[in-house]
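Data block below; observations after.
Since every read-out is calculated from the coordinates, none of them should be taken as a lab result. Computed from a prediction, not measured in an experiment: that's the story for all the values here. Every residue, glycine among them, receives a Cβ derived from its backbone with ideal geometry; neighbour counts consider all protein chains shown.
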Amino acid sequence: MNPNLPLTGLQERRITTILARNHSMFQPHGILDSLACLVNELKLGTLEPQVNACRNQLLAGQGVEVAVFGRFKAGKSSFLNHLAGREVLPVGVVPLTAVITRLRFGPVERAEVRFQNGEARPIALSEIVHFVAERDNPDNQKHVAAVEVELPQLRELAPLAFVDTPGLGSALVHNTQAALQWLPNAGAALVAVSADAPLSERDVALIEQLRPHTPSIVLLLTKADLLTEEQRAEVMHFVRQESRRQWQAELPLFFYSIRPGFERLRHELMQRLLLPLVKGHAEAGTGILRHKLLSLASQLSDYLRVGLAAAEQEETARRALADGLRAERRDGELLRAEFSGLGRQWSAAALETSLARLQPLQAELVARALAELAQRGPEWQPPLPALLAAWRAWLRSFLLRELGDISRSNREMFCEPLSLAERHLARMLQAFQDRLSVHVQAALGVTLSRGAVSLKVPQPAAPPVDVGYAFDEAFTLAGRFLPMAVLRRPVLRALRRKTRWEVEKNLSRLASAWQQRVSLSIGELVLQAETQAAAELAALEQMVVQAQASGPRLRESQSQVVGIQEQLQSPP
Ligand SMILES: Nc1nc2c(ncn2[C@@H]2O[C@H](COP(=O)(O)OP(=O)(O)O)[C@@H](O)[C@H]2O)c(=O)[nH]1
Ligand SMILES: [Mg+2]
């Protein structure tokens with residue numbers, strides 16, 4: 001019997017599916033559970049990554065971030081509290097530390113602080129201020145990455161997550177960085193501007209800064225209660241005119257007030273911005289999930305076709321396939337050697353590439369350091385140890401700032417060998433899978449309709465910037481005996497030389513810190529490729545073994561998968 005023909009029970013299955021579709025909406029959880037069950041039952045470890053990818057999409061598809069930016073006291077935290085109907089964010093706290101707070105729907109009220117090392121700890125809502133205020137957490141000494149809050153009151157707005165940012169455009173540079181870093185995740189950026197002093201130069205600068213990072217910027221004119229109806233009309237006119245002048249387009253604009261009597265402003269924001277965002281996002285997320293589930297279902301169906309074909313063919317065909325697979329297993333050692341050879345090659349390339357690409361930056365950085373030194377040097381006063389301490393403190397903060405910037409803005413460059421390794425390994429894995437397909441085709445006449453293989457590791461986190469320097473001890477000693485008047489010029493000259501050297505040294509330390517991280521990730525990729533190759537082989541062997549024992553069960557599973565595929569393919 002041809003395994004590609006409709007199978008027993010399929011007709012009923014179709015009808016049930018159609019009925020189910022008319023009665024209920026797309027049920028991704030149920031579909032995923034059924035597919036995962038089959039993967040498990042058939043011992044198809046090779047499909048585990050796809051099952052996980054679907055699960056992640058199911059989770060991720062449920063979140064889109066709405067970030068709130070604006071200057072200190074623009075009313076960001078007040079707005080979010082008002083939206084949530086709950087006083088969770090500290091209001092009037094200035095200044096804030098470089099920590100974002102994320103509010104989203106959750107069935108029970110809870111808050112959690114996430115640290116930069118990945119650890120997390122539940123806290124009471126009233127404790128939030130201890131992590132986000134500069135006074136309680138100066139310079140973010142508590143190493144907080146974010147504070148996460150879940151509130152039942154936000155049910156209507158799920159899956160949106162709202163982010164309160166430390167004032168962007170503030171004097172504190174690190175605050176600005178913290179806020180910008182995760183901007184690519186943001187579905188929309190609200191820029192809060194107090195309605196009684198709208199669109200100052202600083203607001204315009206802030207919007208300029210945000211524009212490259214997010215397509216949807218919305219102006220929120222807060223504290224609308226401070227204006228009369230007439231003044232609001234004037235402000236609206238002014239802001240529209242300004243935004244046309246600045247950006248040749250009008251930014252969407254909403255007034256807001258947390259004061260009683262202005263509920264219609266909240267209503268308008270909900271109806272015209274937030275609820276459509278909820279709806280639009282749900283649809284986009286569903287599309288991606290459907291696609292991933294479909295790809296999982298068709299791979300599962302491929303294996304089932306192999307199993308069924310093996311069950312229905314002569315013993316000789318089964319044996320031919322088993323022999324082909326055994327030959328591949330014998331060569332497994334060679335394949336693993338190829339994978340790890342590739343991994344080593346890309347790891348080695350990582351350091352060379354980044355050092356070469358940093359070369360032009362290095363010259364520029366040295367020039368900048370020397371210029372700053374020329375400016376600051378004359379301020380430093382004797383005695384020599386004090387002067388040296390001042391130099392060291394200046395150099396340290398210069399390097400921390402500059403290397404931090406370089407590290408962040410060159411992330412793609414540092415990680416490039418990782419993506420190249422990913423593609424290279426994926427091609428090699430693909431070639432292996434193609435060989436397996438040839439065995440299947442030759443023995444059973446079944447063509448496997450495989451999608452592209454995917455290997456994936458997250459980009460590593462940026463290494464902490466760490467400044468190390470050694471100072472010439474003899475030089476320090478000489479200073480104790482010689483008068484400063486004699487020493488000043490040679491000292492400054494020596495400091496110029498040392499500065500250049502420290503800049504160069506610390507820049508290559510940064511490159512090698514990145515390389516170490518990238519290498520670890522490449523190692524993970526190699527492991528993934530090996531695991532997937534082994535799992536793929538095992539899955540096919542497994543299907544041949546199962547074919548002998550459980551033909552009817554395979555047929556039943558196949559019809560279940562076909563039903564799921566149809567359900568996924570039909571328009572919602
Ligand atoms: N009149 C009025 N004052 C507001 C409104 N929203 C916030 N404020 C006040 O503005 C100040 C700063 O608010 P806050 O939310 O801390 O601003 P943030 O620094 O942007 O988070 C506080 O004193 C608030 O009471 C509003 O809608 N109307
Ligand atoms: Mg605030």
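Structure summary
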{"read-out": "Set of aspartates and glutamates with alpha-carbon distance to residue 73 below 19 Å, sequence-local pairs under 8 removed", "value": "87, 134, 136, 164, 196, 201, 203, 225"}
{"read-out": "Nitroxide proxy distance, nm - points 7 Å out along Cα→Cβ at residue 320 and residue 459", "value": "4.9"}
{"read-out": "Alpha carbon convex hull of the range 511-554, volume per residue in cubic angstrom", "value": "51"}
{"read-out": "Whole-number percent relative contact order across the chain, with pairs defined as alpha carbons under 8 Å at least 6 apart", "value": "19"}
{"read-out": "Sorted peptide list for 401-411, 294-304, criterion being average Cβ within 10 angstrom, highest first", "value": "294-304, 401-411"}
{"read-out": "Gyration tensor (Cα) of the range 315-548, equivalent ellipsoid semi-axes in angstrom", "value": "61, 14, 11"}
{"read-out": "Crossing angle, helix 551-569 versus the chain [Cα axis fit, 0-90 degrees, rounded to tens]", "value": "50"}
{"read-out": "Restraint check, 76/142; 76/279; 142/279; 142/505, Cα-Cα greater than 32 Å", "value": "142/279"}
{"read-out": "Residues residue 286 and residue 330, FRET efficiency given R0 of 35 Å [Cβ-Cβ distance, rounded to 0.05]", "value": "0.20"}
{"read-out": "Pair-distance profile P(r), taking every C-alpha pair of the range 273-333, with 5 angstrom steps and integer %", "value": "4, 14, 12, 12, 12, 10, 8, 7, 6, 6, 5, 4, 1, 0"}
{"read-out": "Protection proxy ranking, peptides 116-127, 320-331, average beta carbon neighbours within 10 Å, highest first", "value": "320-331, 116-127"}
{"read-out": "Relative contact order [Cα under 8 Å, 6+ residues apart], the range 65-260, whole percent", "value": "26"}
{"read-out": "Semi-axis lengths, Å, the chain, gyration tensor of Cα atoms, sqrt of 5 times eigenvalues", "value": "54, 39, 18"}
{"read-out": "Difference of contour (0.36 nm per residue) and Cα-Cα distance, residue 249 to residue 237", "value": "3.0 nm"}
{"read-out": "Computed lengthening from residue 376 to residue 115, 0.36 nm per intervening residue step minus Cα-Cα distance", "value": "90.3 nm"}
{"read-out": "Using alpha-carbon coordinates, inclination of helix 384-409 to the longest axis of the chain, degrees", "value": "30"}
{"read-out": "Nearby lysines by direct alpha-carbon distance to residue 292 (threshold 19 angstrom, same-chain neighbours under 8 apart not counted)", "value": "456"}
{"read-out": "Spin-label model distance (nm) - residue 389 vs residue 211, 7 Å beyond Cα toward Cβ", "value": "4.8"}
{"read-out": "Per-peptide average of other Cβ atoms within 10 Å, ordering 105-113, 524-532 highest first", "value": "524-532, 105-113"}
{"read-out": "Projected-area mean, the range 22-126, by convex hull of Cα positions, square nanometres", "value": "10.9"}
{"read-out": "Per-bin percent of Cα-Cα distances, the range 383-438 [5 Å]", "value": "4, 15, 10, 10, 9, 9, 8, 7, 6, 6, 5, 4, 3, 2, 1, 0"}
{"read-out": "Rg over Rh, two decimals, the range 65-260 (C-alpha only, Kirkwood Rh)", "value": "0.96"}
